[in-house]
Every structure is written in C-alpha cells, then in structure tokens.
Amino acid sequence: TIARTLSGSILFIFQSLLPGGHRSSNRSSNRTSTTILDCIFHEADFTFYCLDMLFWNDYSLYDSTSDFRHYWVQTKLPEQSVLEVNIENEYSIKPVPCFDCDASGLEKAYLGRFCFIKDGLVFVCKEASYPLGVTPLILIWKDESITRYPVVAGDEQQSVVLEARKCSVDSHQLVECLSFVTSDDPPIKLFESCKRGKLRNAKQGELFRFSVESVGYAEDIDNKVAIPSVSGIKVEKQCSKVRPAADSWSKIVAQSALRSGGVNKITIQDIAN
C-alpha cells in the first residue's frame, strides 16, 4: 500500500488489508488488485481517515454517486478489517463521520466531539460523481470554531496562489506576456504581466504567490455582470513544486471575508438557515 501527498510524492509504503494492499494477498491471487482511497492522515493517532473511495478491488467508482461511494466507505472498510492495527495492517484506516445535511446533521458535525482534530466541514452533493479538479458540487467551509487555522498562515496581507498561462507577446517590445489565473473551470484571470523581474523565468503551468490588498468584484456595465477582481496585487515568489494547484476564486473570497473580521463572512447560522 502506498500513501501519497497531494503533489504525488510518497508519504508511506506499508502493508494493509485493503484489496491488493498486502504481499500475501497479491501472491495468493496471482495478480495485483487496485484500490484507491481519498484520505487524510491524522498524525496524532497515526490513522488514515477516509473521505472518499475511487477504486475498490479493481472496480472503478469515479462515475458512481457520492451517496453510493460514501456507503461503500462506511461498509467496505470494516468488512476488510482495516479499522485496527495488526501485523498485516500497519495503519488504521477509518471512515470519516458523515451526516445528512439537515439541521440535526449539521449540528452533529459542527458541535460533535470526535477522536481527531477537526479542520472544517465538507459539503458534498449526493448525486455527484467523483470530480477531477475544482467543482461547486464539493465545498469546504471553515470558521474559527472548527479549525485551528481559519486563515492561511502568513503575513497580515492576504496571499493568493495563481497559475501562469501564456497570454500574448507585447507588439512593441516583443516580450512574452503571461496571464495568472485561478484553478477554476474556466479559470479566472486576476493578473497579467510581461516576463520581467521575478517573473522573467516564469513558464506556463508554474505557480506563483501574490500579495493582494483587497478582493471583490468589478462591475461590467456593458454586460451587467460582476467580474472577480483583486487590487494591489504584487508578485512575491514562485511556489514550491510540491504545491498541487492554484487557489480557487471561492477560497480567495472566503479568506478575504475571514480576514476582514466578519464582513461578508458566511456563518454556520447562515448555512443552517
């Protein structure tokens, strides 16, 4: 069994009782089974908490509904005896608690005590297939009561991570220009610059961190729509290669609301109502 980080680097290699996760199971069946789980590793108790299931014993679940995948997470892991540590199962792998999104379920998720450190709530559309990339069908929400880090650590000024995309060539100076966009589909362009200074060696697909003074919407009078925008944006540095993706616009807006001291912030009461 191989545990990988978001960037794909290997975190652990170990024996487990997951299908295909143990040497003896592969030898006895004379083949290698594929099982892929979406998990969070909780270092305090050396436990993997399973959020979702993508493959189980060579059966693909990408196109199955979230409701069905979560049912399999809750039933297949106990059946496979991976909840407890033993000589054949080196790490505990447990289903993360899951609740219906009604008043009762929201209260249990928000106020309930669990054997792990909470770091927000995940809202999942029951009919959604497994998404690759940013999607409005799966949303993460945090506030000061449910996470130790409601605001991304760093300076007082907000930082955002954007991806470089080829834009155009300056017709006067023949200098290549780049657009810097969010991870949304379609991506949202928040900055454009020629390849100079800290961006002189920037390449398409690379991620860069920027500081911004404010986040909001600019009004497009002609089309009568609000356009996502930031002001006072300045490039800070290129991100590490282990950073998997740029920020989404919803994350940027949520971080801005938290930093503003509650202005435009969505509370748990707003969600409950």
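The values are calculated or read from the model by the stated rules, or taken from the named source; none is laboratory data. The model shown is predicted, which means the values in this text are computed figures rather than measured ones. Using ideal geometry, Cβ is built from the backbone for each residue, glycine included, and neighbour counts are taken over all protein chains shown. Side chains are part of the model used for accessible areas, which takes the heavy atoms of the whole protein and leaves out ligands, DNA and RNA. Shrake-Rupley method; radii C 1.70, N 1.55, O 1.52, S 1.80 Å.
Filter segment 1-32 down to the residues that are modelled with pLDDT of 95 or more, among the small types (G, A, S) and over 27 Å from G133 (Cβ atoms) and list them by number.
Correct list: S16 only.
Taking the residues in segment 33-55 that are open to solvent by 20 Å² or more (accessible area, probe 1.4 Å) and among the charged types (D, E, K, R) as candidates, determine which candidate is modelled with the highest pLDDT.
Looking at the filtered set, the residue picked out is D38.
Where in segment 35-115 are there strands (runs of 3 or more DSSP E), lying wholly inside it, with at least 2 residues that are of a type in the set (A, V, I, L, M, F, W, C)?
The qualifying strands (runs of 3 or more DSSP E) are 36-42, 47-56.
Select from segment 260-273 the residues that are in contact (Cβ under 8 Å) with a residue 40 or more places away in the chain and open to solvent by 80 Å² or more (accessible area, probe 1.4 Å) and list them in ascending order.
I266, the sole residue that qualifies.
Only one of these conditions is not met by V122: (1) assigned to a strand (DSSP E or B); (2) at pLDDT below 90. Which number is it?
(2)
Which residue is modelled with the highest pLDDT, if the candidates are limited to segment 145-155 and must be surrounded by 12 or more Cβ atoms within 10 Å (Cβ to Cβ) and hydrophobic (A, V, I, L, M, F, W, C)?
Looking at residues that are surrounded by 12 or more Cβ atoms within 10 Å (Cβ to Cβ) and hydrophobic (A, V, I, L, M, F, W, C), I get I146.
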